[in-house]
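Asks: Just passing along the structure, written as structure tokens.
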Amino acid sequence: MSLAPARHWALPGAHNIRDLGGYSTAKGGTTQWRRILRGESLHYLDAEAIDKLASNDLALVVDLRGPHETGLARHPFSSHPRVAYRNIALFEALPRITLAETPFDMAQRYCNALDRCGPRFAEVLRAIIDAPPGMVLFHCTAGKDRTGIVAALVLSACGVGQSDVIADYALTAAAHGLIDHLRERALASGGEPEHIERVLASDAGTMRAMLTHLEDAHGGIGAYLKAIGLTPDEMAKLANRLCG
């Protein structure tokens, strides 16, 4: 895997905005830089960071959070004059994680998401496919779970190998400022420390288990995308969005 300097976007108010460019594909190509970004909640971005994203040809922001999150603060791109905004509550079909939930298996939650959230995944992927020319940024709160699954599907659809998909997911562990903030907030709310660590972890084994489930239960990325309603033309456009 190539960890080019452009992988992480250094922006005030963000710790985990990353570029999906630079990964080798099965056809011998490479995913392109500045096509698709993944990230965490954006409401801490300052005016300079917002302007930097917009001036770098950001065309669409896809917010994967649910209403219990989006209602906490106004999204900085919700009424931006040059950047479109979509809110798609990706995990609407799953129960919310509670601080007291033990034992907790994040890998199983990811597998459940593939099984139960197909229509929402299709909506997100179509938003990426149909976005205006320019970059697309999708995000959730930590940029790890909902964002991580969407990133895995997009990279897999482009023919990026499993090892790179897993490594891309695990990079969230390096976003120390973000993880520390989320940990402090969860502890202050009365969460059990071991449970909080399980929820915040971006362990490679979690993504590996989800990709195995994608193959074993759904027949792989192509069969999954077909099952959730994407046409061959849409699949080609999705791959072209990042690789073309």
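Asks: Here is a list of conditions, (1) within 23 Å of S202 (Cβ to Cβ); (2) touching an Asp or Glu at 6+ places or on another chain (Cβ under 7 Å), and L64 meets all of them except one; can you say which number that is?
Replies: Evaluating L64 over (1) within 23 Å of S202 (Cβ to Cβ); (2) touching an Asp or Glu at 6+ places or on another chain (Cβ under 7 Å) leaves (2) as the failure.
Asks: Same structure, new question: Would you check which residues across region 4-53 are surrounded by fewer than 18 Cβ atoms within 10 Å (Cβ to Cβ), in contact (Cβ under 8 Å) with a residue 24 or more places away in the chain and aliphatic (A, V, I, L, M) and list them?
Replies: Selection gives A4, A6, A26.
Asks: Taking into account only those residues within region 18-38 that are assigned to a loop (DSSP other than H, G, I, E, B) and among the hydroxyl-bearing types (S, T, Y), which is nearest to K237 (Cα to Cα)?
Replies: Checking each candidate, the answer is T31.
Asks: Looking at the structure I just gave you, is R82 part of a loop (DSSP other than H, G, I, E, B) and open to solvent by 70 Å² or more (accessible area, probe 1.4 Å)?
Replies: When the stated conditions are applied, R82 passes them.
Asks: For the list (1) open to solvent by 20 Å² or more (accessible area, probe 1.4 Å); (2) part of a helix (DSSP H, G or I), I need the number of the one condition that L178 fails.
Replies: (1)
Asks: Of the conditions (1) out of contact with any Phe, Trp or Tyr (no Cβ under 9 Å at 6 or more places or on another chain); (2) within 19 Å of R65 (Cα to Cα); (3) open to solvent by 10 Å² or more (accessible area, probe 1.4 Å), V199 clears all except one; give me its number.
Replies: (1)
The values are calculated or read from the model by the stated rules, or taken from the named source; none is laboratory data. If you're wondering where the values come from, they're calculated on a predicted model, not measured in any experiment. A quick note on method: Cβ atoms are made from the backbone with ideal geometry, for glycine too, and the neighbour counts reach across all protein chains shown. Areas reflect the complete protein model, heavy atoms only, side chains present, ligands, DNA and RNA absent. Shrake-Rupley method; radii C 1.70, N 1.55, O 1.52, S 1.80 Å.
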